[in-house]
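This report refers to the structure that appears directly beneath it.
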Amino acid sequence: MTCCGPNRRRALQALGLAAAVPLLPILRPGPARAQANSMIATDLEVVTVTDTSVVLTWTTLAPGAGGGPAPVAAGTEVRLAPADSRAPAAVHFPADPEPTPFHYAEVDGLEPGRAYRFEAWSDGVRATPALNLVTRMPASPECTGEFTTLVPPPGRPLRTVALCNDVHFGEEVSGLIAADLPPGARQEPGLAPYPEVMLAAVLDDLRRPDRGADHLILAGDLTSEATAAQSRGVRAHLDEWGVSGRDWFAARGNHDRPHTGAEYAGCPVVADAEHHDCWGETFTARGDVIDHRVGGLRLLGLDTTELDAAGGSIDRAQFDRVRELLRADPDRPTLMFGHHPVTQDSAVSNIAGPSFVLNRPDAIQLQTLYQSAPGVFLHHSGHTHRNRRSPADLPLNVEFLEVAAVKEYPGGYTLLRLYEGGYMANFYKTRTDLSRRWSTRTRSEYLGLLPEYTLGTTADRNHVVPRDFSGLS
C-alpha cells in the first residue's frame, strides 16, 4: 500500500491539464545514430548558479530505429563571456570529454555578482530549452541567455550542509499518481534499481572536493514502503557514507510510516496491534524529535507522519519537546527539518492540495513557536518532490524550503554553505552517468509535466540569505 500522491480529484485535474499541453516524447532505451542535420539539443536548464560557478544541463536526441527521437551521444561545449564585455566568448569543455546524450557542464572561476552571457552547444548544434514555462519565462536565464552569479554572505565560510529527501529506496515504478496512472517510468533492463543509482550519486557528489558537504540531512521518504529490507538497505548506504548523528541525520516521511500486513509482522508494534514500525527499528522511534549540535548549529528534526495517510501532523509530545528546546536556547542558530511542508503557500500550490501537507492548526502552532525563537532560520521539507521557497504565514524571519526528490527528475540535493554573515543555498543535480540517464528518462513523468512542477525557478534553487552566524564554528 502507498499513501503518497494526490487524491483522485486532483489527479484527474492534472491529467486533464496534461492532455492540452504539447509533450516531449518519452525516451526509449537504445542508441541512436545522428544523421546529417538530424540531431537536436534540447532541455537546456541553468540549474545551479553560485558565486563563482554555473551548472548547465541538456540532452541531445536524434531519430532512433523506430523513427522517434532517442538519446544520441555528442560533445559538450559552453561558450561564456561577461555580459558587459565585447570580447569573444571563452569556450569551456567538461573535465570528462567523452561524448554523451546527457550533458552536464559546470564552469567555475567566475566573478561574484557579475552577469554572464552564455550558449550551450553539442557538435555544432545549439541547445535550447524544452517547451516548459519554467525555462521559457521571459526573465529566465534559458530565455535571456544571461545569468548573474550570486554575491556570497560576508565573513569566513563555516560549514556546508546538504539537504535532500524522497529516496524511495525499493521503489520500482516512478511517477504514478493514482490507479497506476499516468504511465510511470521503470529502470532500463540490466541497470541497477533507480533509487540505489540516485542515492549513490548523491553520496558520491557530496564527498567530492567541489561540493565538500560536512553533513547530510534527509527529510523523509527514505524508503518506498518501509519494509525491514528497505530500511536496512538504505541505512547501509548511509552508514558507508558517514556516522549517524554526526555526519547524517534522517527524519521519517509518510512512506516510512508504520505499516500493516504479514511482511511487517516481525517489526515492533506501534499504536495498535496491527501497525509495525520497521523503519523505526532501523532509524528512530515514531514521534521522536531529532536533536543534535554541529559546530554550535542546532539541528531539530520532526516526525510529521500519520498512520495510513499522506498528510502530516505533529503530536503533542513533539510540540512539548520542541517548545522546551527552543525556549532553553532561543537565539541559537537552528535548522529545522521534517517531511511535510508547512506554509499555506505550499498547501495551495502543490498538486495534491492542502490535505497533502502539514495540517493548518499544527502548521500555525509550529510557526508560532518559531516566533519566540529568533535563532530558527530555515525549515527544510520534502514530500512534494519540487524546489520551492514559500513565505511564512506569520511575521517570521524563517525560510521554508522544499527540496526536489533524489529519486527522479531533477534528481539532486541542495547545499547550504554557511558563512559568518549568512548562507548561500544552491540546488545541484547529480552527475554520474547513470543518474543523468535516469533523471532525463523521468522528465516524461506526469505526461511530460514533471519539469513544470518540480524544477522550480532559478531563485527557488539559488539564493543568498543574510544571518548572523558569527558564533558558529
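At-a-glance table
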read-out	value
Residue in the range 281-290 that is open to solvent by 20 Å² or more (accessible area, probe 1.4 Å) and more than 28 Å from PRO333 (Cα to Cα) present	yes
Residue list for the range 81-98, filter: open to solvent by 80 Å² or more (accessible area, probe 1.4 Å) and over 18 Å from THR48 (Cα atoms)	ASP84, ARG86, PRO88, ASP96, PRO97, GLU98
Matching residues in the range 265-290 - criterion: being touching a helix residue (DSSP H, G or I) at 6+ places or on another chain (Cβ under 6 Å) and either modelled with pLDDT under 95 or not in a loop (DSSP other than H, G, I, E, B) (or both)	HIS276, CYS278, TRP279, THR282
Long-range neighbours under 9 Å by Cβ, at least six apart or interchain, first residue touching a residue at least 40 places away in the same chain (Cβ under 8 Å) and of a type in the set (Asp, Glu) within the range 382-399, second outside any strand (DSSP E or B) and open to solvent by 20 Å² or more (accessible area, probe 1.4 Å)	ASP393/GLN344; ASP393/ASP345; ASP393/ARG360; ASP393/ILE364; GLU399/ALA392
Cβ-Cβ under 6 Å pairs, at least 6 apart or on other chains, the range 423-448 side over 24 Å from ASN462 (Cβ atoms), far side at pLDDT 95 or above and not small (Gly, Ala, Ser)	LEU434/VAL197; ARG437/PHE102
Qualifying positions in the range 415-425 - surrounded by 24 or more Cβ atoms within 10 Å (Cβ to Cβ) and not hydrophobic (A, V, I, L, M, F, W, C)	TYR423
Positions within the range 104-145 being open to solvent by 60 Å² or more (accessible area, probe 1.4 Å), of a type in the set (A, V, I, L, M), outside any loop (DSSP other than H, G, I, E, B) and closer than 26 Å to THR432 by Cα, in sequence order	none
Selection from the range 190-224 of residues that are part of a loop (DSSP other than H, G, I, E, B), open to solvent by 30 Å² or more (accessible area, probe 1.4 Å) and not aliphatic (A, V, I, L, M)	GLY190, PRO193, ARG208, PRO209, ASP210, GLY212, ASP214
Enumeration of residues in the range 426-440 that are assigned to a helix (DSSP H, G or I), touching a Phe, Trp or Tyr at 6+ places or on another chain (Cβ under 8 Å) and either surrounded by fewer than 24 Cβ atoms within 10 Å (Cβ to Cβ) or outside the structural domain of LEU199 (by the TED database) (or both)	ASP433, ARG436, ARG437, THR440
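The values are calculated or read from the model by the stated rules, or taken from the named source; none is laboratory data. From a predicted model like this one, the values you see are computed outputs, not experimental measurements. Counting neighbours? That spans all protein chains shown, and the Cβs are built from the backbone with ideal geometry, glycine included. Remember, those area values only see protein heavy atoms, side chains included, never the ligands or the DNA or RNA. Shrake-Rupley method; radii C 1.70, N 1.55, O 1.52, S 1.80 Å.
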